[in-house]
Ligand code: GLN
């Protein structure tokens, strides 16, 4: 019997179900569309038609089977496709960066809403794929964004996203905001500031970060996709998951202007503790903001 797109989909779905993949039907469909470089409309119109025996089709089937094999090993769909959407923009991802989460859009949207003005200098720590920094640059009116990460491999991904999403924008009219990428451990990436940020630089207006915040002992309990294939250094917030908040709160003040604002992504049960850490280090007006699902997701504060 000849293969059809539908029979391939059924094969893929069964294979992924057998391997315990959470959304087998949907993932098999995305992989099928990718393998045949086609879209949902084409699939719906042609799914029951026997596939012609052409080299190109054989190539598509081979690609599809290979991708189903990878997904069956629980490699995240986004790493196989090489892309994840964030704030309406398509970001390149690989195994060196945390896959941008919808939850994190809460943080980006909040910053855009509360800082509509022009000319601010933003710092993004633990930038990973660059999804926060680059979407703020695309969608906001900021002057300059400095984004840092400890991982050189993550910075390569961020660089590719900067090129893909901000490159050449200047020519199109709206001058794009400059995003600079720096390597280093949190604020150490900014040292010496005169050299890195320029003479006369006088502090950031806004600090944003989605740091690693999962307690080390919770990592083995995460889904296979996350614990086996996303970078542990993007997830592991050490013993109680709060280490990065302590370090950011301890050192942040030295890099912020008076009146600056801080936005940190947090885990759903970390609101009270992060609030306390920020207050202990002199931050004021601490707010804990929920995401679309109603879970605490962002800690916002002021520096005076
Ligand atoms: N929200 C991510 C997760 O649940 C964790 C992100 C982080 O540690 N910054 O996997």
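Results, tabulated for the structure shown:
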{"quantity": "Mean separation of Cα contacts under 8 Å, 6 or more apart, over the residue count of the chain: relative contact order %", "calculated": "14 percent"}
{"quantity": "Rel. contact order, % - alpha carbon contacts under 8 angstrom, at least six apart, the range 1-144", "calculated": "19 percent"}
{"quantity": "Percent antiparallel among DSSP beta bridges (both partners in the chain, rounded to 5)", "calculated": "40 percent"}
{"quantity": "Helix-derived mean residue ellipticity, 222 nm - over the chain, DSSP H n ≥ 4, -39500 (n - 2.57), to 500", "calculated": "-11500 deg cm²/dmol"}
{"quantity": "Label point at residue 85 placed 7 Å out along Cα→Cβ; residues across the range 120-150 whose backbone nitrogen lies under 20 Å", "calculated": "129-140"}
{"quantity": "Extension gain, residue 57 back to residue 229 (0.36 nm per residue minus Cα-Cα distance, nm)", "calculated": "58.9 nm"}
{"quantity": "Ranked by how many other beta carbons lie within 10 Å on average, peptides 51-59, 277-285 from highest", "calculated": "277-285, 51-59"}
{"quantity": "Virtual spin-label span in nm between residue 3 and residue 163, 7 Å along Cα→Cβ", "calculated": "3.3 nm"}
{"quantity": "Packing-based ranking, highest mean first, of 288-295, 61-68, 39-46, 103-110 given that Cβ atoms within 10 Å are counted", "calculated": "103-110, 61-68, 288-295, 39-46"}
{"quantity": "Share of pairwise Cα separations in the chain, more than 34 Å, in percent", "calculated": "30 percent"}
{"quantity": "All-pairs Cα distance distribution in the range 38-125, expressed in whole percent, bin size 5 Å", "calculated": "2, 10, 12, 16, 15, 13, 9, 7, 6, 5, 3, 1"}
{"quantity": "The range 120-221 shape via C-alpha gyration tensor axes, a/c threshold 1.5", "calculated": "oblate"}
{"quantity": "Between the range 1-26 and the range 36-71, the alpha-carbon center distance in angstrom", "calculated": "12 Å"}
{"quantity": "Mean separation of Cα contacts under 8 Å (6+ apart) over length of the range 148-304, as relative contact order %", "calculated": "19 percent"}
{"quantity": "Most mobile listed residue (274, 208, 196) in the chain, GNM with C-alpha springs under 10 Å", "calculated": "196"}
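Here, each number is a calculation from the coordinates, and none is a lab measurement. Worth saying up front: this structure is predicted, and the values here are computed from it rather than measured. No Cβ is skipped: glycine too gets one built from the backbone with ideal geometry, and neighbour counts run over all protein chains shown.
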